[in-house]
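J.: Sharing a structure here in structure tokens format.
The values are calculated or read from the model by the stated rules, or taken from the named source; none is laboratory data. Model, not experiment: these values are computed from the prediction. Neighbour counts run over all protein chains shown; Cβ positions are idealised from the backbone, glycine included. SASA here: full protein model, heavy atoms, side chains in, ligands and nucleic acids out. Shrake-Rupley method; radii C 1.70, N 1.55, O 1.52, S 1.80 Å.
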Amino acid sequence: MISQIRMRNFKCYKDCKIKFKNFNVLCGPNSSGKSSINQAILFLLQNNHGDITKLITNGEYVHYDEFEEIKNDEISSAKHIIIDLVGNNKKSCSLEIKKAASTNTIECIKNITDFKMKAEENIFYLSAERIGPEDVYDKYNGTKIGFYGENAVGFIAKNKDFAIDEKFAYQKGPTRDYTFLKEVNYWLKEIIGEKINANDLDKTDRTRATYSKDGKQLQVRNKNTGSGLSYVVSIIAMVFSLSINTPEYKPTFIIENPEIHLHPKAQMKLMEFLMFMSNFCQIIIETHSDHIIKNVLDNNGQVIKLNNFEPIYYTKKSKKILPTMTIGEVKWTVFDMPTIDFHVSLYSYLQEKFVATRPNKVDDEIRDTLIFKSNTKLYDTKCKRYGNHTNALSQYETLPTYLRNAIDHPKKIKPGEPLRRKFRKNEVEFENALRISIDFMIKIIEEKGW
């Protein structure tokens with residue numbers, strides 16, 4: 001397992017430490033530094049030999065030609081790049097590199113390998129560019145499944161009758177026999193509704209896969225099956241290989257964009273598989289899927305959001321996570337996207353906490369908060385309340401109440417009811433109002449300690 005990695009002057013990171021738990025999700029906008037974390041780990045893996053004279057810059061996992069392309073833009077070329085990783089039993093591995101004196105090439109000045117990193121033994125990596133559907137695949141040659149998943153089908157063909165330990169079976173029973181292929185197919189059927197069979201072709205170095213649905217073999221060429229199917233096969237085969245080659249320590253699986261070509265329901269089932277397998281390994285996922293992030297938070301995993309190249313950590317117990325989380329909250333929390341769904345959830349939460357049966361009562365409670373009084377101009381719409389406001393604190397609606405009513409009553413329902421046209425000139429204006437209102441309600445929750 002990897003407990004932490006620290007990157008200094010490496011790519012977008014001037015000095016950043018990332019702490020990992022057992023199940024981790026890296027998320028954030030494009031170009032926020034997610035891939036750089038994976039590349040730092042892979043750079044260490046590629047050079048985990050301890051010889052400073054044999055730095056591999058163009059290797060199996062990463063390709064760096066010049067020092068300038070991997071140094072942080074804000075530092076001088078005279079400064080060194082340092083990557084430190086802490087693994088099992090607090091053992092570490094580290095690289096310190098610098099710009100070569102006479103060229104722009106990269107020179108290693110320190111390579112510590114106390115923590116031994118071995119590909120597909122304790123570090124597994126599956127790229128987002130994994131292999132798609134093919135008519136035939138390479139026969140498994142006994143080395144690696146490959147970070148493109150290119151040998152996944154061959155691995156299944158070779159090990160399909162392997163008897164696995166009962167602990168790796170999700171569904172257990174006294175009369176069941178547990179084989180590698182049966183358990184792979186259990187999960188494949190759960191996730192995507194199909195099963196696989198793989199066989200080596202006689203007198204060739206090739207393997208063929210066939211797929212079936214509801215017991216009937218698919219009558220299409222493999223190359224014409226969906227990409228989601230082959231992508232999932234790669235993930236299941238690689239992670240479930242643990243049931244055949246069980247390491248001494250929990251290995252780490254780094255999987256980029258597991259959601260590619262998968263329906264949200266299939267994404268949830270895939271996460272169920274990975275959550276189960278995390279009993280035997282560490283998982284690090286890079287994703288843009290709000291469904292996956294919500295699932296991880298619901299199941300006590302750790303979400304690491306990269307914000308201005310600094311990590312923000314979220315778990316189910318984080319103070320800013322509501323008791324019942326919606327996809328809208330996930331979009332706001334990790335992607336900075338305000339949604340109507342999250343606004344509705346927050347307003348309902350305030351209504352419950354204020355013990356208010358009507359929005360007008362919520363509005364009065366909002367006006368009585370310190371955060372409202374600190375910036376009345378921003379949070380007061382100066383739009384008149386609809387209906388009775390006798391004895392109310394104001395005849396106007398606060399921003400959250402106005403938007404709540406605009407969402408629930410976009411059109412005039414009763415005579416005299418306002419159309420609530422404010423913030424409706426264009427989509428940008430409405431989204432900005434939604435953003436301010438959501439942030440405001442979160443601050444009220446924080447002020448109240450809820």
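J.: Within segment 380-396, track down each residue that is assigned to a loop (DSSP other than H, G, I, E, B) and either closer than 14 Å to LEU434 by Cβ or of a type in the set (Ser, Thr, Tyr) (or both). Walk me through it before giving the result.
T.: We begin by selecting, within segment 380-396, every residue assigned to a loop (DSSP other than H, G, I, E, B); these are 385-395.
Selection gives TYR386, THR390, SER394.
J.: Select from segment 397-417 the residues that are among the charged types (D, E, K, R) and assigned to a helix (DSSP H, G or I) and write down the one among them that is most open to solvent (accessible area, probe 1.4 Å).
T.: Checked segment 397-417; the qualifying residue most open to solvent (accessible area, probe 1.4 Å) is ASP408.
J.: Taking segment 106-133, which residues are open to solvent by 30 Å² or more (accessible area, probe 1.4 Å) and over 17 Å from ILE236 (Cβ atoms)?
T.: Of everything in segment 106-133, those that are open to solvent by 30 Å² or more (accessible area, probe 1.4 Å) and over 17 Å from ILE236 (Cβ atoms) turn out to be GLU107, ILE109, LYS110, ILE112, ASP114, LYS116, LYS118, GLU121, GLU129.
J.: Name the residue that is modelled with the lowest pLDDT, counting only residues in segment 380-396 that are touching a Pro at 6+ places or on another chain (Cβ under 8 Å) and surrounded by 17 or more Cβ atoms within 10 Å (Cβ to Cβ).
T.: Step one: filter segment 380-396 for residues touching a Pro at 6+ places or on another chain (Cβ under 8 Å), giving 383-384, 386.
Filter again for surrounded by 17 or more Cβ atoms within 10 Å (Cβ to Cβ), leaving 383, 386.
Details: CYS383: 90, TYR386: 78.
Among them, the one singled out is TYR386.
J.: Looking at segment 228-247, which of the residues that are open to solvent by 10 Å² or more (accessible area, probe 1.4 Å) and β-branched (Val, Ile, Thr) is nearest to TYR140 (Cα to Cα)?
T.: ILE244
J.: Could you please give the count of residues in segment 370-395 that are under 42 Å from the mean Cα position of the chain (by Cα) and without any contact (Cβ under 8 Å) to a residue 24 or more places away in the chain?
T.: 7
J.: Next question, about the same structure. Could you tell me how many of the residues in segment 418-429 are outside any loop (DSSP other than H, G, I, E, B) and either open to solvent by 80 Å² or more (accessible area, probe 1.4 Å) or on the phi > 0 side of the Ramachandran plot (or both)?
T.: So the count comes out to 2.
J.: Is it fair to say LEU403 is in contact (Cβ under 8 Å) with a residue 24 or more places away in the chain and out of contact with any Ser or Thr (no Cβ under 8 Å at 6 or more places or on another chain)?
T.: No.
J.: Being of a type in the set (A, V, I, L, M, F, W, C) and over 20 Å from ILE2 (Cα atoms) is the filter; apply it to segment 271-296 and report the residue that is farthest from the chain's Cα centre (by Cα).
T.: Quick first cut of segment 271-296, residues of a type in the set (A, V, I, L, M, F, W, C) only: 271, 273-277, 280-281, 283-285, 292-293, 296.
Next, only the ones that are over 20 Å from ILE2 (Cα atoms) stay: 271, 273, 292-293.
Numbers: MET271: 11, PHE273: 15, ILE292: 6, ILE293: 6 Å.
Only one residue fits best here, namely PHE273.
J.: Given the condition over 16 Å from PHE10 (Cβ atoms), assigned to a loop (DSSP other than H, G, I, E, B) and touching an Asp or Glu at 6+ places or on another chain (Cβ under 7 Å), answer yes or no: does some residue in segment 109-125 qualify?
T.: no
J.: Something else: Could you grab me the full set of residues in segment 219-238 that are in a loop (DSSP other than H, G, I, E, B), within 32 Å of the chain's Cα centre (by Cα) and either at pLDDT 90 or above or of a type in the set (A, V, I, L, M) (or both)?
T.: Within segment 219-238, none qualify.
J.: Which one is surrounded by the most Cβ atoms within 10 Å (Cβ to Cβ) among residues in segment 366-379 that are in a helix (DSSP H, G or I) and of a type in the set (D, E, K, R)?
T.: ARG367
J.: Could you run through segment 430-450 and say how many residues are over 21 Å from TYR349 (Cα atoms) and open to solvent by 60 Å² or more (accessible area, probe 1.4 Å)?
T.: Final tally of qualifying residues: 1.
J.: Same structure again: Just for segment 67-106: of the residues that are more than 20 Å from GLY50 (Cβ to Cβ) and of a type in the set (Lys, Arg), which one is nearest to the chain's Cα centre (by Cα)?
T.: The residue in question is LYS71.
J.: Which strands (runs of 3 or more DSSP E) sit wholly inside segment 1-105 and have at least 2 residues that are open to solvent by less than 50 Å² (accessible area, probe 1.4 Å), closer than 30 Å to MET337 by Cβ and of a type outside the set (Asp, Glu)?
T.: Answer list for segment 1-105: 4-10, 13-19, 23-27.
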